[in-house]
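A.B. asks: Here's a structure for you.
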Amino acid sequence: MNAPPLPRLRAVDLNLLTVLDAVLTERNVTRAAERLGMTQPAVSSALNRLRLLFNDDLIVRRGKEMAPTPRALALAGPIRKALDLIQASLAHTGAFDCTASRTFRLGITDIGEALLLPRFLQWLEQLGARVRLDFCREPGTSLQNEMRLGKIELVLDHIAIPGEEFRRTRVLDLEFVTLVRQDHPTVGPSLTLDEYMALEHVIIEPREGQTNLAEQIQAAVGRARCVRVQVPRYLSMPFIVSQSNLVCTLPLPLARLFEQHFPVRVVSCPLPIQPIPLFMMWHACQDGDPAHEWLRRSLIELCSRV
C-alpha cells in the first residue's frame, strides 16, 4: 500500500520538521528538547501537531524504547537532507570569518575549562583565527541577567538554565570513576564497594542547584563515605590525591587528563552513580549572530571528540 501523500508545503510549519528530525534522532522527547533548546512540553506539543499533519503516530513506545513508525523512517532521510541544505544555505550567507577580530565572553566550569579550552586554542591556532576568549568566573547567581545583557554569550555548565528565552543543548554525558595515587598501598586494579567505602576521600563542594554526590552515594548504598577534604573545584584534586592516600570520584574525561600529568591512576567506581550532563546554553538574542553560531558549532565538534 502506498504511503499517504505529504501535506502541501504551504500548510507546513517548517519549524516542526526540526522537531521531527530531533525526535527521530534522539528517540526520546526529553533529549530532543535539550538538543533543540526547548521545553519537553513544547516538543510534545509539536510532536502532536506533526502526528496530525502526517496522519501517523511517527514514534511509538515499544517496551522501554521509543521507535519510529515505517512512515517516520521513510520521512527521516529526506527531512534530514532538506534541513542540511537549508542550514548550509543560511551558513553561507553572512558566515563568520574566524580570522576577523572578535571577543567571545563565556561562562564555564572547571571541567569544561580543563577539557575543552586547550583543545579549542590549538584548533584556533590551526585555523589562524584571531578571536579572543574571555572567561568569567564559574557560573553564579547573576548568570541569567548577564546573559540577557550580552555580558556572557555562552555557558557550559552541568545545571540547565530554565526559561524559554534560553537555548540549551546537551553536549556531553560524564561518567564517574575513582582516582587514586599511582602507588596507593591498598588499592589494586579494581575496587569493591566495601573497599571503596573504607577509603578516605576528597570530595567536591556541591553548588547551589546541583545534586550532592555524597547524598547520592549515601542513598544508593545506605552509608556515607569517610570525607577528609572538601574542595570547591576539581582542579585541585590531582595535587591532593597524588601526594596522599586520599581518593576522589570525578568525571572520566577529567580523570584521564589528570592521569596524563600526575602520578595517579583511574579505577572504575563501584557505585551506581548517574552520569552528569554538560549543557551548552545561550540567550535567544544570540540566535541570529553568525559568529555565535560558528562558536557553538565549533564547541559541539570539540565535545564530540572528548
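A.B. asks: Note down the magnitude of the dipole of segment 176-274 about its Cα centre, charges +1 on Lys and Arg C-beta and -1 on Asp and Glu C-beta and zero elsewhere, to the nearest 20 debye.
C.D. replies: On the way: 8 positive and 8 negative charges, 26 e Å.
Taking the Cα centre of segment 176-274 as origin, the dipole is about 120 debye.
A.B. asks: Rounded to two decimals, what is Rg over Rh for segment 176-274 when you use alpha-carbon atoms and the Kirkwood radius?
C.D. replies: On the way: Rg = 12.4 Å, Rh = 13.5 Å.
Taking Rg over the Kirkwood Rh, I get 0.92.
A.B. asks: Given Cα positions, please report Rg to Rh for segment 264-305, the hydrodynamic radius being the Kirkwood one.
C.D. replies: Looking at segment 264-305, the ratio lands at 1.21.
A.B. asks: Now a separate question. Determine the percent antiparallel among the DSSP beta bridges restricted to the chain, to the nearest 5.
C.D. replies: Details: 24 of 38 bridges.
If we restrict to bridges inside the chain, about 65 percent are antiparallel.
A.B. asks: Separate question: Pairs of alpha-carbon atoms within less than 8 angstrom and 6+ residues apart define the contacts here; what relative contact order does segment 9-92 have, in percent?
C.D. replies: Relative contact order here is 26 percent.
A.B. asks: Rg and Dmax in Å for segment 131-205, alpha carbons only: what are they?
C.D. replies: Considering segment 131-205 through its Cα atoms, Rg and Dmax are 19.3, 53 Å.
A.B. asks: When the chain is treated as a GNM, springs tying every alpha-carbon pair under 10 Å, which of Val266, Val171, Val231 comes out with the largest mean-square fluctuation?
C.D. replies: Judging by the Gaussian network model, the answer is Val231.
A.B. asks: With axes computed from alpha carbons, what is the tilt in degrees of helix 40-54 against the longest principal axis of the chain, rounded to the nearest 10 within 0 to 90?
C.D. replies: Compared with the principal axis, the helix lies near 30 degrees.
A.B. asks: If you place +1 on the Cβ of every Lys and Arg and -1 on the Cβ of every Asp and Glu, how big does the dipole about the Cα centre of the chain come out, in debye to the nearest 20?
C.D. replies: Approximately 640 debye in magnitude.
A.B. asks: Report the FRET efficiency, 1/(1 + (r/R0)^6), for Asp110 and Asn55, where r is their Cβ-Cβ distance and R0 is 45 Å, rounded to 0.05.
C.D. replies: In this case the efficiency is close to 0.35.
A.B. asks: Over the chain, what relative contact order in percent results from Cα pairs under 8 Å that are six or more residues apart?
C.D. replies: 21
A.B. asks: From the helices alone, meaning DSSP H stretches of at least four residues, give me the mean residue ellipticity at 222 nm for the chain, per-run term -39500 (n - 2.57), in deg cm²/dmol to the nearest 500.
C.D. replies: About -12500 deg cm²/dmol.
A.B. asks: Can you give the Rg/Rh ratio of segment 9-92, where Rg is from the C-alpha atoms and Rh is the Kirkwood radius?
C.D. replies: Rounded to two decimals, Rg/Rh equals 0.96.
A.B. asks: Using only the alpha carbons, work out the radius of gyration and Dmax of segment 23-69 in angstrom.
C.D. replies: Final numbers for Rg and Dmax: 10.3, 27 Å.
A.B. asks: I'd like the Karplus ³J(HN,Hα) series for segment 101-117: coefficients 6.51, -1.76, 1.60, θ = phi - 60°, whole numbers in Hz, and an x wherever there's a Gly or Pro.
C.D. replies: Using θ = phi - 60°, the values come out as 6, 7, 9, 10, 10, 10, x, 8, 7, 5, 5, x, 4, 6, 7, 9, 4 Hz.
A.B. asks: Considering Cα pairs under 8 angstrom that are at least six residues apart, work out the relative contact order of segment 176-274 and quote it in whole percent.
C.D. replies: 50
A.B. asks: Could you work out which residue, out of Pro277, Pro185, Pro118, moves most in a Gaussian network model of the chain, that is, has the largest mean-square fluctuation with Cα springs under 10 Å?
C.D. replies: Judging by the Gaussian network model, the answer is Pro185.
A.B. asks: Please report, in whole Å³, the volume per residue of the convex hull around the C-alpha atoms of the chain.
C.D. replies: Numbers: hull volume 51.5 nm³, N = 306.
Each residue corresponds to 168 Å³ of Cα convex hull volume.
Laboratory data are not the source of any read-out in this text; all were calculated from the coordinates shown. Every value quoted in this text rests on a predicted model; they were computed, and no experiment measured them. Neighbour counts run over all protein chains shown; Cβ positions are idealised from the backbone, glycine included.
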